[in-house]
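The values are calculated or read from the model by the stated rules, or taken from the named source; none is laboratory data. Keep in mind it's a predicted model, so treat the numbers as computed, not measured. Here Cβ is always computed from backbone atoms with ideal geometry, including for glycine, and neighbour counts include all displayed protein chains. We work out accessible area using only protein heavy atoms, side chains counted, and drop any ligands, DNA or RNA first. Shrake-Rupley method; radii C 1.70, N 1.55, O 1.52, S 1.80 Å.
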Amino acid sequence: MRVLLVEDEPAAAHVLAKGLREQTYAVDVAGDGDAAIFQVGTTDYDAVILDVMLPARDGFAVCRTIRESGSAVPILMLTARDAVEARIEGLDAGADDYLVKPFDFGELLARLRALVRRGRQPLLPERMMVGPLSIDTRSRHVRVRDVEVPLTAKEYALLEYLVRRAGDVVSRADISEHVWDDHHDPLSNVVDVYVQRLRRKLDRIGSDSLIRTRRGEGYQLVVGAPAP
Ligand code: CA
């Protein structure tokens, strides 16, 4: 899942981005409102974490502009004070949820998971099952036929994205947009390399062709029994 973190203080942004990346999120950082609005307009984020205290336009104004542009991206606001006016203003501006600084990182993760689950799609459960595969988005445990499959953070992020889009043919560009961040070179073959690795690990437990290659289109996580 790819998130945009909007925070002008470099130290705070660095710590938060690092923590989120350790939790398998792909993270882009915007240092002000204009950058945030531009990024949301050009990238299909799964969620935005938006600090209210920003130079020039504040987080409320940024949130309103994002909503006025027609984007329904889930937005989690970070407010500096636990004042009811601030919460009301945030929700009125179009935020989906808010968190008061200083916050517990575990709580931020839980709220982010909830927002991404709600997303712009039907509500998805914490534990998802596709054929012989089950993934727990909270503990990030993956099982195939009840056998645990150890995955790296990136392999897990890739699999979770494919599971959320199970049955769809997902293009390499989509995968790269949701699983990798701006540091990723879109022309590299890193997506294919990771799909191969993931496939090898899953196939080891005897779930052959769970991830199908659709030539010229991308990849598809097969729902139900693979066709003969
Ligand atoms: Ca700030």
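Here are some notes:
- Whole-percent carbon and sulfur share, accessible surface of segment 56-152, 1.4 Å: 51 percent
- The mean accessible area for residues of the chain, using a 1.4 Å probe and ignoring ligands and nucleic acids, is 49 Å² per residue.
- FRET efficiency for Phe103 and Asp34, using Cβ-Cβ distance with R0 set to 25 Å, rounded to 0.05: 0.45
- For segment 104-109, the Karplus equation 6.51 cos²θ - 1.76 cosθ + 1.60, evaluated at θ = phi - 60°, returns couplings of 7, 4, x, 5, 4, 4 Hz by residue, with Gly and Pro reported as x.
- Normalised Debye scattering of segment 1-61 at q = 0.13, 0.17, 0.28 Å⁻¹ gives log10 I(q)/I(0) of -0.29, -0.50, -1.22, counting only Cα atoms as equal scatterers and leaving out solvent.
- Helix 10-22 and the longest principal axis of the Cα set of the chain meet at an angle near 20°.
- Only alpha carbons enter this Debye calculation for the chain, each as an equal point scatterer, and the log10 of I(q)/I(0) it gives at q = 0.11, 0.15, 0.16 Å⁻¹ is -0.57, -0.99, -1.09.
- Its Cα gyration tensor gives segment 73-156 an equivalent ellipsoid; the semi-axes, largest first and in whole Å, are 33, 14, 8.
- Within a Gaussian network of the chain (alpha carbon springs, distance under 10 Å), most fluctuating of Val169, Val147, Val116: Val147
- In sequence order, calculated HN-Hα J values of segment 67-74 (Karplus, 6.51, -1.76, 1.60; Hz; x Gly/Pro): 5, 5, 6, x, 7, 10, 4, x
- Helix axis angle, 190-203 relative to the chain longest principal axis, alpha carbon, degrees: 50 degrees
- Calculated [θ] (222 nm, deg cm²/dmol) that DSSP helices of n ≥ 4 give over the chain, each run adding -39,500 (n - 2.57): -12000 deg cm²/dmol
- Shape of segment 2-118, Cα gyration tensor, a/c cut at 1.5: rounded
- All lysines inside 23 Å of Lys18 as judged from Cα atoms, apart from same-chain residues fewer than 8 positions distant: Lys101, Lys154
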